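Taking it in order: structure first as C-alpha cells, then the write-up.
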Amino acid sequence: GAPPGQYGAPQNGQYGGPAPAGPCGGASPAGPWGGGQAPALPPSGPMSMAQAVESAARGETTGSTVQDTEITVFDPNEQSVPPVKIDSFEQVREFPPELLVELRNAGFPGPSQVQAYCWPLALQGRDVIGIAATGSGKTLGFLLPAFVEMHKQQWNPQRQGAGLLVMSPTRELAQQTENESARFGKCMGIRSVAMYGGAPKRD
C-alpha cells in the first residue's frame, strides 16, 4: 500500500490514506489507483472510493498540491511503479501542432500537475481517476487525450455518430466542459454540444 497520507492500493475495499484531490496515477481496468493531493478528511479516517468521490463533489478539498515525490502509481498487481510525468506540451508527441498552438495561445506555460501525470496514462488507453480542486486542469486532463484518439481515427460524426460522451453531475460542469471542448476541439475539427435540463433548447 501507499505510505500514510497518500492514496494507495485498496485494502478490503478501503484506502489507507486520504482520498486524492489532485493528480492521480493510472489504472488498468483492474482498478489500482495512484496518488494525489488530499482533501480534508472527516474524523472517521480512511475513505472508500465512493466516499472520496462524494467528498470531492461537496468541495471538501484542501486545494493544495502534493509534491511530485509523494505521487504513487500502482500497476494491476498493486505494485508501486515509477510515475511518468510530462513537463511540457511539446513533450506530448500525440498532440497535433494546431493543438499545441491553441494551448500556447491560451497562455498556459505547461501542463498542470494533474495533466502532467494523467496524460501519459490516458494516452495509453489506461483508466484514470483524478480528484482535484477547481481550476486544477481536470477538464483538459480527460478531454485532450480523447480528442487525440478521435483525431487519430479520423472520426467522422456524420458516418459514425458521436465520438465522445462526457457525463457531468451538474449543469455548471456540463457548460464548463462544453466551453473547453469548443475552444480546444475546434482546432482539430471537433464540434461539441452540451445537453442539460432546465433551460431553453436554444441555450
Of the residues that make up the stretch 131-138, is at least one within 16 Å of ARG183 (Cα to Cα) and part of a helix (DSSP H, G or I)? yes
Condition set hydroxyl-bearing (Ser, Thr, Tyr) and surrounded by 19 or more Cβ atoms within 10 Å (Cβ to Cβ), scope the stretch 116-138, selection farthest from ARG191 (Cα to Cα): answer is TYR117
For the stretch 71-92, does any single residue satisfy the condition of being modelled with pLDDT of 90 or more, among the polar types (S, T, N, Q) and surrounded by fewer than 15 Cβ atoms within 10 Å (Cβ to Cβ)? yes
Quick check on the stretch 95-114. Is at least one of its residues part of a helix (DSSP H, G or I), at pLDDT below 85 and not acidic (Asp, Glu)? no
Just give me the residues in the stretch 92-115 being among the aromatic types (Phe, Trp, Tyr) and more than 18 Å from VAL148 (Cα to Cα), in sequence order. PHE108
The lone condition TRP155 fails out of (1) surrounded by fewer than 16 Cβ atoms within 10 Å (Cβ to Cβ); (2) out of contact with any helix residue (DSSP H, G or I) (no Cβ under 7 Å at 6 or more places or on another chain) is (1)
Test for PHE95: is it more than 30 Å from PRO76 (Cβ to Cβ) and not polar (S, T, N, Q): no
Can you go through TRP119, TRP155 and tell me which one is modelled with pLDDT of 90 or more and of a type outside the set (A, V, I, L, M)? TRP119
Checked against (1) of a type outside the set (D, E, K, R); (2) over 30 Å from PRO76 (Cβ atoms); (3) crowded, with 21+ Cβ neighbours inside 10 Å, GLY198 satisfies every condition except (3)
For the stretch 158-173, state whether one or more residues are touching a residue at least 24 places away in the same chain (Cβ under 8 Å) and acidic (Asp, Glu). no
Over the stretch 91-139, the set of residues among the hydrophobic types (A, V, I, L, M, F, W, C) and without any contact (Cβ under 8 Å) to a residue 12 or more places away in the chain is LEU100
For the structure I just gave you, tell me whether VAL84 is β-branched (Val, Ile, Thr), part of a loop (DSSP other than H, G, I, E, B) and over 17 Å from HIS151 (Cα atoms). yes
Close pairs from the stretch 67-88: first closer than 30 Å to VAL101 by Cβ and charged (D, E, K, R), partner part of a loop (DSSP other than H, G, I, E, B) and at pLDDT 85 or above, Cβ under 8 Å, at least 6 apart: ASP68/LYS85; ASP87/GLY110; ASP87/PRO111
Single condition ALA174 does not satisfy, out of (1) touching a Phe, Trp or Tyr at 6+ places or on another chain (Cβ under 7 Å); (2) in a loop (DSSP other than H, G, I, E, B); (3) small (Gly, Ala, Ser): (2)
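The values are calculated or read from the model by the stated rules, or taken from the named source; none is laboratory data. As the structure is a prediction and not an experimental result, all values here were calculated from the model. Cβ coordinates were reconstructed from backbone atoms using ideal geometry, including for glycine residues, and neighbour counts include every protein chain displayed.
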